[in-house]
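The values are calculated or read from the model by the stated rules, or taken from the named source; none is laboratory data. None of the values given here were measured: they were computed from a predicted structure. Glycine gets a Cβ as well: all are built from the backbone with ideal geometry, and neighbour counts include every protein chain shown. Surface areas here come from the heavy atoms of the whole protein model, side chains and all, with no ligands, DNA or RNA. Shrake-Rupley method; radii C 1.70, N 1.55, O 1.52, S 1.80 Å.
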Amino acid sequence: MIAIAERATAQVPTKLYQKLSPRERSKKIMKWIRFRDRKLRNKFQFLKHQDGIGLGITLGSAVGMILFAGLYIAGIIPAWTCIVVNGVLASILHEVEHDLIHNLYYKDNLKIQNFMFWTVWIFRGNTVSPWYRRMIHTLHHKVSGHKEDIEERLIGNGMKFGLKRFITMMDGNMSFLFQSHILRKEAPKFKRSEITRSSWPYLVIYYHLWYNFLFINLFYIGNELLGKPVEVPTWLDPIRNFLNIAAVVYTIPNWIRQTSIQIVSSNMHYYGDVNGLHDQTQVLNRWFLFPLHLFCFNFGSTHGIHHFVVNQPFYLRQAVAPFVHPAMKRYGIRFNDFGSIFRGNRLGVLKPVEV
C-alpha cells in the first residue's frame, strides 16, 4: 500500500503546482496541515490540554537532564550515554522555547510562561535569552530569506560556502564576531548592545565553562604528548575535574544540540531570492541526517511546516509531517536540495521538484 501511495504521488504532473500562484500553493499546503491537525485533536482528546502538556514536557526534560547528570556523576552510566540523552532532552526544551515564543503555552499566565522561559534557558545555556529570541524569531517570520533576518543570518544563512561559514555554524561567539558588523548595516533592528545584555547570565557562564574546558584539556594533552615539560600545579587538577564533569552533563550536550540545529536551520532556509512564504524553506529528511536530527528534534524535516502554520505545538508538527510531506512535494516545496549550501542558500533556477 505504501509503495502504491508513493507511486501515485510521484505520478502527479509537475504542471499541477506550476498552474497555481505561489500564494495559492501555500494556501493548499496550509489546508493539508490544518486538516490533519484537526483530525488528531479530535481523535486524541488529551491534546486539548496544551498548556499542561507544554509544562509537563518542560519539567520532565529538565528533571531528566538532572537525573542523567546524577547517574553519570555516581558512576552508574558512561559519559557518552549522559551526553546523548541530555543532548536530546535539551533539544526538546529548545522546541518548547520555540512554542513559548509563539505563545502556545500559558499565553494568559505570564508568571508560568516566564517560569518556563527561565527553565528552558538555564538548561540550554548557550543561547541568548528567550525574550530576545522572541523578538528576532518574530522578525524572522516577517523577513525570512532577506538581509533583515537577524536570527538566521547569525547562524550562517546566506553566507558563502567555506571555512568562515563552517566556523559560524559551530561557534556562536565567532558567528557574532563575523556577522555583527554586517548586520549593523543591513538589519535595522540589530543592536549589539541588546545581544550583549541578552547574553547575561547563562550564555556568559556557558562559554566560560566551555572555553576553559577546551583550553585546559588541550594544555594537559599537549603537555603529555611533549613529555610533560611543564609541571602542572596541584590546584589545577580539581578545576579540570569539575570542568570535565560539567562538559559531560551540560556543555557538550548543548554544544552538539546547538551545532546540529544551526547546521540544519541555516541550510534549510533559503536566502536572497525569496519572494514569499512558498520560497522560504525546503525539507531536509534524508536518512543520513539522523545524527543531526537526533539533537535538533527532526528540525529539517518539520520546520517548513511551521512556516506555513505557526500556531501548532512541536509534537503535533511531528505527528502531521508524514501526512503533509506529500502535499508539500505536490505543490512545489523542494526536498533535500543540498546544493543550496554551495549557492549561499539561493533558490537559483527553479527545477521540477524531485518526488
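Couplings 3J(HN,Hα) for region 257-265, derived from phi with the Karplus relation 6.51 cos²θ - 1.76 cosθ + 1.60 (θ = phi - 60°), are 4, 5, 5, 4, 6, 6, 5, 5, 5 Hz, where x marks Gly and Pro. For region 183-269, the carbon plus sulfur part of the accessible surface works out to 67%, probe radius 1.4 Å.
Within region 187-274, the ratio Rg/Rh, alpha carbon atoms throughout and Rh by Kirkwood, equals 1.14.
A full extension of the chain between LYS142 and TRP235 corresponds to an added length of 28.3 nm, given 0.36 nm per residue minus the alpha carbon distance. One equal scatterer on each Cα of region 121-268, no solvent, Debye formula: the resulting log10 I(q)/I(0) at q = 0.17 Å⁻¹ is -0.98. Across region 101-117, rounded Karplus estimates of 3J(HN,Hα) from the backbone phi angles (6.51 cos²θ - 1.76 cosθ + 1.60, θ = phi - 60°) give 4, 8, 6, 8, 10, 6, 5, 9, 9, 5, 5, 5, 4, 5, 4, 5, 4 Hz, Gly and Pro being marked x.
Looking at the chain, the accessible area is 50 square angstrom per residue; that uses a 1.4 Å probe and ignores ligands, DNA and RNA.
With helices as the sole contributors, the chain gives -20500 deg cm²/dmol at 222 nm; each DSSP H run of n ≥ 4 counts as -39500 (n - 2.57), and the sum is divided by every residue.
Would you mind telling me which residue in VAL249, VAL143, VAL120 has the biggest mean-square fluctuation in a Gaussian network model of the chain, where springs connect alpha carbons within a distance under 10 angstrom? It is VAL143. Normalised by 2.2 N^0.38 Å, where N counts its residues, the alpha-carbon radius of gyration of region 149-219 equals 1.22.
Mean shadow of the chain, computed from the convex hull of its alpha carbons, in nm²?
Answer in nm², one decimal: 21.3.
P(r) for region 49-171, from all Cα pairs and a bin width of 10 Å, is 12, 33, 32, 19, 3 %, short bins first.
Report, by chain and number, residues whose modeled amide H sits under 5 Å from the one on PHE335, excluding near sequence neighbours (fewer than 5 apart, same chain). Counting only residues 5 or more places away or on other chains, the set is VAL283, GLU354.
Once the mean 1/r over all distinct Cα pairs of region 282-355 is inverted, what Kirkwood radius in angstroms do you read off?
Numbers: mean 1/r = 0.0763 Å⁻¹.
By the Kirkwood definition, the hydrodynamic radius is 13.1 Å.
Across region 130-135, rounded Karplus estimates of 3J(HN,Hα) from the backbone phi angles (6.51 cos²θ - 1.76 cosθ + 1.60, θ = phi - 60°) give x, 6, 6, 4, 4, 5 Hz, Gly and Pro being marked x.
Give me the orientation-averaged projected area of the Cα convex hull of region 197-355, in nm², one decimal. Intermediate values should be presented prior to the final figure.
Numbers: hull surface 54.6 nm².
Mean shadow area of the hull around the Cα atoms is 13.7 nm².
Which aspartates and glutamates, on any chain, are close to LYS107 with Cα under 17 Å apart, when same-chain ones fewer than 8 places away are left out? Cα-Cα hits under 17 Å: ASP51, GLU95, GLU97, ASP99.
Report, in listed order, any pair from LYS142/LYS189; LYS27/LYS329; LYS164/LYS189; LYS28/LYS142 with a Cα-Cα distance greater than 18 Å. As for pairs spanning more than 18 Å Cα to Cα, those are LYS164/LYS189; LYS28/LYS142. GNM on the chain, C-alpha springs below 10 Å: top fluctuator among GLY227, GLY75, GLY332? So, out of GLY227, GLY75, GLY332, the one fluctuating most is GLY227.
Quick one: which residues, 5 or more positions from PHE190 or on another chain, have an amide H under 5 Å from its amide H? H modelled 1.01 Å from N in the peptide plane, none for Pro or chain starts. Amide H to amide H, under 5 Å and 5 or more residues apart or across chains, PHE190 pairs with nothing.
FRET efficiency for the PHE46 to THR81 pair, using the beta carbon distance and R₀ = 22 Å, is estimated at 0.10.
Tilt of helix 299-308 relative to the longest C-alpha principal axis of the chain, in degrees (0 to 90, nearest 10)? With rounding to tens, the tilt is 50 degrees. Which one of GLU97, GLU152, GLU231 has the biggest mean-square fluctuation once the chain is modelled by GNM with Cα springs under 10 Å? Of GLU97, GLU152, GLU231, the most mobile in the Gaussian network model is GLU231.
Entry for region 51-120 at q = 0.11, 0.20, 0.21 Å⁻¹: log10 I(q)/I(0) = -0.30, -0.75, -0.79, Debye formula applied to identical alpha-carbon scatterers, no solvent contribution. Considering region 86-154, its Cα convex hull presents a mean projected area of 4.8 nm².
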